[in-house]
């Protein structure tokens, strides 16, 4: 028999619980260091269907390539392609070839993660730190974007 807690106010703790919608669908915006580029990302959790589907495939491909002597750059390109697919849902302030902001696509996101050294590092640090996706933190991130 399960009963509700009697010694704590659980309603005040709701903001500290996982928000699967934020983790897997809504996501958060992160900033690429030393730039104005923003990436809209979702978490590396079971709430993200792409992460569940592609993580093991990426790991297997990286192991295979490493086993045949792939270069660091080749491994990084594979990681960038998978990370774009699993985690990036949009971006802002990415310069396009026409001088305007580039239109988002998985291919363009892969280019950002491949060619901007800090982008992939920042992405990995954020998506694997699940506390970044708690609802209170997501609200703060949304508020920060209003300054753009």
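Every number here is computed from the coordinates shown, using simple stated rules; none is lab data. All of these numbers come straight from a predicted model, not from anything done at the bench. A quick note on method: Cβ atoms are made from the backbone with ideal geometry, for glycine too, and the neighbour counts reach across all protein chains shown.
So how compact is the stretch 18-145: Cα radius of gyration and Dmax in angstrom?
Using the Cα atoms of the stretch 18-145, the pair Rg, Dmax is 14.7, 47 Å.
Each label point is 7 Å from the Cα along the Cα-to-Cβ direction; what then is the distance between the points at residue 46 and residue 85, in nm?
It is 2.3 nm.
Apply 1/(1 + (r/R0)^6) to the Cβ-Cβ distance of residue 103 and residue 131, taking R0 = 30 Å, and write down the FRET efficiency to the nearest 0.05.
So the FRET efficiency works out to roughly 0.40.
At 7 Å along Cα-to-Cβ for each site, give me the label-to-label distance between residue 72 and residue 7 in nm.
For residue 72 paired with residue 7, the spin-label model returns 5.2 nm.
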